[in-house]
Amino acid sequence: MQTKRTAIFGFLAALSTPSLLAKTDAPAAPEKIQIALLLDTSNSMDGLIDQARTQLWKVVNTFTEARRNGVAPVVEVALFEYGNNSLDAANGYIRLVEPLGRDLDQLSGDLFALRTNGGEEYCGAVIRRALGDLKWDDSAATYKAIFIAGNEPFTQGDTGAKQACRDALSKHVVVNTIHCGSREAGVAGSWNDGAALAGGKFMVIDQDRAVAHIDAPQDAEISRLSQELNKTYIGYGANWKASAANQSRADHDASANAAAGADVQRAIAKASSNYSNTTWDLVDAMRAKTVDPATIPASELPDSWREIAPEDRAAHIEEAAKERDALQAKIVALNKEREAVVAAEVAKQPSTGGQTLDQALAAAAREQAAALGYSFGK
């Protein structure tokens, strides 16, 4: 969900806790990166959905070290599914699963909830829906991209796919097409034309290929620290328990897919500014200056916090923030060691050919964001 910025409360002016307030990477008008994933959920796409589920965190981590003018971007992700007979035929077998936002735990849960079923895949219709239904940033300098993946001809349906791509380009939204199958079939199905018309990239992937993960000595400790991070979250508001449950569920889903590296990549994401929970966590909310903890009703706080005097809450939040900073720093340091190990191992291995969804998406996003002035740490 998008962070709502409000006026800074008076108590913050007197709060001498620079680490809590200085942590925020984004300025008052933050740099943004907006990505919409449009996934075919027809019968043949189980492999595609599995790749999206297990590699969400790796894709998000593409932007961990992205900077423009020294500023880290706020990354927003949206999700549509299309081509599924379980969806409303009158709506073109299309569903907006998640709007552009930052609630990555919810997005992960949504991906794991997707089920494939038959269908008619209307690429033009879902692209038009993405253009009209999502709150795209107005600035032409913002990296805004649609990634649409599927395997049937790109031009199916009554809505002109090529015109939809032209319309996207006029709104400074790049459309990248990902054909699940051979390059020859993708070209025959006009997937390359869609990308060319919208300034994007045409890619092909093997949706049934198992995602390779290289184990490293640091993995176990990185995963353990991810669980320790959860202890630094302080819920607030009427619905914080549901959000904390989403966090635990996303951890569980990532751990269940450790063979594909999902647990390690999720931990890395949780150590970055891309993982933000301002709507239910007091540490993130205070960093974003969206809440005065002294004004929150005791009934909307964890039981252990109900005896803390309202004027003392900020100091306790600061302690949790310092603990979180330390844990995140450890994860970042371990990941740098891990990356060196993985790079050395990759150099020894022969190329395996076809790429997976995360590889295609990350490579295109980095290249296109770089053209808009973003630099990456590696």
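Using the Cβ-Cβ distance between Lys336 and Ala188 with R0 set to 45 Å, the FRET efficiency works out to roughly 0.55. Under 16 Å of direct C-alpha separation, and excluding same-chain neighbours fewer than eight residues apart, Lys162 reaches these aspartates and glutamates: Glu121, Glu152, Asp193. Highest mean packing comes first when the peptides 202-215, 54-67 are listed by Cβ atoms within 10 Å, giving 54-67, 202-215. Could you tell me how many degrees, from 0 to 90 and to the nearest 10, lie between the Cα long axis of helix 104-113 and the main elongation axis, the longest principal axis, of the Cα atoms of the chain? The angle comes out near 40 degrees. Taking every DSSP helix (H) stretch of at least 4 residues in the chain, weighting each as -39,500 (n - 2.57) and dividing the sum by the residue count yields a mean residue ellipticity at 222 nm of -13500 deg cm²/dmol.
Each part gets one Cα centre, and for region 291-363 versus region 202-246 those centres are 9 Å apart.
Ranked from highest to lowest mean number of other Cβ atoms within 10 Å per residue, what is the order of the peptides 34-41, 190-197? Walk me through the numbers on the way to the answer.
Values: 34-41: 25.4, 190-197: 21.9.
Top to bottom by mean Cβ count within 10 Å: 34-41, 190-197.
Solvent exposure of the chain amounts to 42 Å² per residue of accessible area, where only protein heavy atoms count and the probe is 1.4 Å. Database remark: amide H of Val97 closer than 5 angstrom to the amide H of Leu79, Phe80, Glu81 (H placed geometrically; neighbours at sequence offset of 5 or more, or on other chains; Pro and chain starts carry no H).
For region 333-342, the Karplus equation 6.51 cos²θ - 1.76 cosθ + 1.60, evaluated at θ = phi - 60°, returns couplings of 5, 5, 5, 5, 5, 4, 4, 5, 5, 5 Hz by residue, with Gly and Pro reported as x. As a rough guide to protection, the peptides 274-284, 87-97 ranked by mean Cβ packing within 10 Å, highest first, stand as 274-284, 87-97.
Given axes a ≥ b ≥ c from the Cα gyration tensor, I'd like to know whether region 164-303 is rounded (a/c under 1.5), prolate (a/b larger than b/c) or oblate. Verdict is oblate for region 164-303. Normalised Debye scattering of region 191-252 at q = 0.14, 0.16 Å⁻¹ gives log10 I(q)/I(0) of -0.76, -0.78, counting only Cα atoms as equal scatterers and leaving out solvent. Helix 46-60 against the longest principal axis of the chain: what's the angle in degrees, Cα atoms only, rounded to the nearest 10? Tilt relative to the chain: about 40 degrees.
Cross-link pairs out of Lys58/Lys231; Lys32/Lys201; Lys58/Lys135 include none exceeding 31 Å in C-alpha to C-alpha distance.
Which FRET efficiency value, to the nearest 0.05, is calculated for Glu65 and Ala259 with the Förster distance at 25 angstrom and r the Cβ-Cβ distance?
Details: r = 26 Å, r/R0 = 1.04.
Approximately 0.45, to the nearest 0.05.
Relative to the compact-globule estimate of 2.2 N^0.38 Å, the Cα radius of gyration of the chain comes out at 1.01. Over region 236-341, all Cα pairs binned in 10 Å intervals from 0 give whole-percent P(r) values of 13, 39, 31, 14, 3, listed from short to long. Applying 1/(1 + (r/R0)^6) with r as the Cβ-Cβ distance of Ala371 and Lys135 and R0 = 22 angstrom yields a FRET efficiency of 0.40.
For region 276-378, how many pairs of lysine residues have a Cα-Cα distance under 21 Å, where the two are 8 or more positions apart or belong to different chains? It would help to have the intermediate numbers written out before the result.
Numbers: Lys289/Lys322; Lys322/Lys330; Lys330/Lys378; Lys336/Lys348; Lys336/Lys378; Lys348/Lys378.
Close lysine pairs under the 21 Å cut-off: 6.
Among DSSP bridges having both ends in the chain, what percentage is antiparallel? Round to the nearest 5.
On the way: 8 of 34 bridges.
Once the DSSP bridges in the chain are tallied, antiparallel ones form about 25 percent.
Here's how it looks for Val75: its modeled amide H is under 5 Å from those of Ile33, which are all 5 or more places away or on a different chain.
Here the extension length gained between Ala363 and Ala90 equals 94.7 nm, from 0.36 nm per residue of separation less the Cα-Cα distance.
Using a probe of 1.4 angstrom, how much of the accessible area of the chain is carbon and sulfur, in percent? If you can, show how the numbers build up before the last one.
Details: 8360 of 16020 Å².
C and S fraction of accessible area: 52 percent.
By the gyration tensor of its Cα atoms, with a ≥ b ≥ c the square roots of the eigenvalues, what is the shape of region 129-244: rounded for a/c under 1.5, prolate for a/b over b/c, or oblate? Don't skip to the answer; put the middle values down first.
Values: a/c = 2.73, a/b = 1.54, b/c = 1.77.
Note, shape of region 129-244 comes out oblate.
Treating the beta-carbon of each Lys and Arg as +1 and of each Asp and Glu as -1, no other charges, what is the dipole magnitude of region 250-378 about its Cα centre, to the nearest 20 debye? It would help to have the intermediate numbers written out before the result.
Working: 14 positive and 20 negative charges, 137 e Å.
Once rounded to the nearest 20, the dipole reads 660 debye.
Positive-end ranking of Ala72, Thr54, Ala90 along the dipole of region 53-101, with charges on Cβ about the Cα centre, is headed by Ala72.
The values are calculated or read from the model by the stated rules, or taken from the named source; none is laboratory data. What you see is a predicted model; the values in this text were computed from it and never measured. No Cβ is skipped: glycine too gets one built from the backbone with ideal geometry, and neighbour counts run over all protein chains shown. For accessibility, only protein heavy atoms count, side chains too; no ligands or nucleic acids. Shrake-Rupley method; radii C 1.70, N 1.55, O 1.52, S 1.80 Å.
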